[in-house]
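Remarks on the structure that follows.
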Amino acid sequence: MKQLIIFATGNKGKIREIRDIITDPDTEVLSMREAGVEADPDENGTSFEENALIKARAVADLIRKKKAEGTLSLDTENTQITVMSDDSGLVIDALGGEPGIYSARYLGYDTDYNYKMEQIMKRMENVPDEKRTARFVAAVGAVFPDGSEHVVLGAMEGVIARGIFGLNGFGYDPFFYLPEYGKTSAEITEEEKNAISHRGKALRAMLSLFDTWKQSGATAKDADTASVLNSASACAEACGDNK
Ligand code: IMP
């Protein structure tokens, strides 16, 4: 049986990252647009995990609906479909976990990231080096072919710098300092970042969960719900509490 993973994003970087991780030749990865199933639900969850699952669930529901109507423009013969989605953000300890799930919306969706970072650095002017700890957190949510829901988390630890350095990456990367590299995450290469990033970790964890599911042929919804809940409570410690 072939496997099709539809990743609920329009971001080409995320699709590239997931394709780089998957080595199984029987698993294809498509973006929402490539699969012709675009959904844009309100991400009104109170945690990264909830928001990741909201998106995955919305796309899975749309696929079910289109299948029932006969309007799904995908060849699903001998194919099982899994929907995955991610939600991520920056959690800063000295700011009580801000901007957290509001990272993209912080000071306005369309506001330039240099301005967002400058404002954060201003707020943290008097925060000493040892208290400038922060992490990028990513949740990857999935609806497997049997309808079961799963969510996993990944984090990348760092420190909020006192300036903006580097041109790689995106968003808050230029002021996110990685002590073990002596550089910000905008100064390391895309390959280096994928190997250590919150999203890379969460994606690899989800793909490993998916491999286990495929091998076991598991279908028990109750057990899957339990794994979602366990993962969510594990994050309370790992991911800060701005959720
Ligand atoms: P989303 O998960 O695509 O909604 O992204 C959430 C927001 O978190 C992004 O718009 C960025 O502001 C921030 N963010 C998440 N991951 C990263 C990263 O790896 N580098 C920089 N900013 C990030």
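The residue of segment 40-76 that is modelled with the lowest pLDDT, among those that are surrounded by 18 or more Cβ atoms within 10 Å (Cβ to Cβ) and outside any helix (DSSP H, G or I), is Leu72.
Of all residue pairs spaced 6 or more apart or on separate chains, those with beta-carbon atoms under 6 Å, a first member in segment 180-204 that is in contact (Cβ under 8 Å) with a residue 60 or more places away in the chain and a second member that is of a type in the set (Phe, Trp, Tyr) are His198/Phe136. Please find, within segment 107-134, the residue that is modelled with the lowest pLDDT out of those that are out of contact with any helix residue (DSSP H, G or I) (no Cβ under 6 Å at 6 or more places or on another chain), of a type outside the set (Asp, Glu) and more than 24 Å from Pro179 (Cβ to Cβ). Restricting to residues being out of contact with any helix residue (DSSP H, G or I) (no Cβ under 6 Å at 6 or more places or on another chain), of a type outside the set (Asp, Glu) and more than 24 Å from Pro179 (Cβ to Cβ), the top hit is Tyr109.
Can you tell me which residue is nearest to the chain's Cα centre (by Cα) among those in segment 1-18 that are surrounded by fewer than 14 Cβ atoms within 10 Å (Cβ to Cβ) and closer than 19 Å to Leu74 by Cα?
Per the stated criteria, the residue is Gly10.
Selection within segment 77-91: residues that are among the hydroxyl-bearing types (Ser, Thr, Tyr) and in contact with a helix residue (DSSP H, G or I) (Cβ under 8 Å, 6 or more places away or on another chain). The member of this set that is surrounded by the fewest Cβ atoms within 10 Å (Cβ to Cβ) is Thr82.
Annotation note: Cβ proximity below 6 Å between a residue of segment 29-57 that is closer than 15 Å to Ile101 by Cα and a residue that is within 12 Å of the ligand (Cβ to nearest atom) and part of a loop (DSSP other than H, G, I, E, B) (sequence gap 6+ or interchain) occurs for Asn51/Glu43; Asn51/Gly45; Ile54/Glu43; Ile54/Gly45; Lys55/Ala8. The residue that is surrounded by the most Cβ atoms within 10 Å (Cβ to Cβ), counting only those in segment 19-39 that are in contact with a strand residue (DSSP E or B) (Cβ under 7 Å, 6 or more places away or on another chain) and modelled with pLDDT under 90, is Ile22.
If you check Ala104, Ala60, Ala56, Ala52 for being hydrophobic (A, V, I, L, M, F, W, C), under 21 Å from Gly158 (Cβ atoms) and in contact with a strand residue (DSSP E or B) (Cβ under 8 Å, 6 or more places away or on another chain), only one passes: Ala104.
The values are calculated or read from the model by the stated rules, or taken from the named source; none is laboratory data. Just so we're clear, the structure is a prediction, and the values are computed from it rather than from any experiment. Note that each Cβ is placed from the backbone with ideal geometry, even for glycine, and that neighbours are counted across all protein chains shown.
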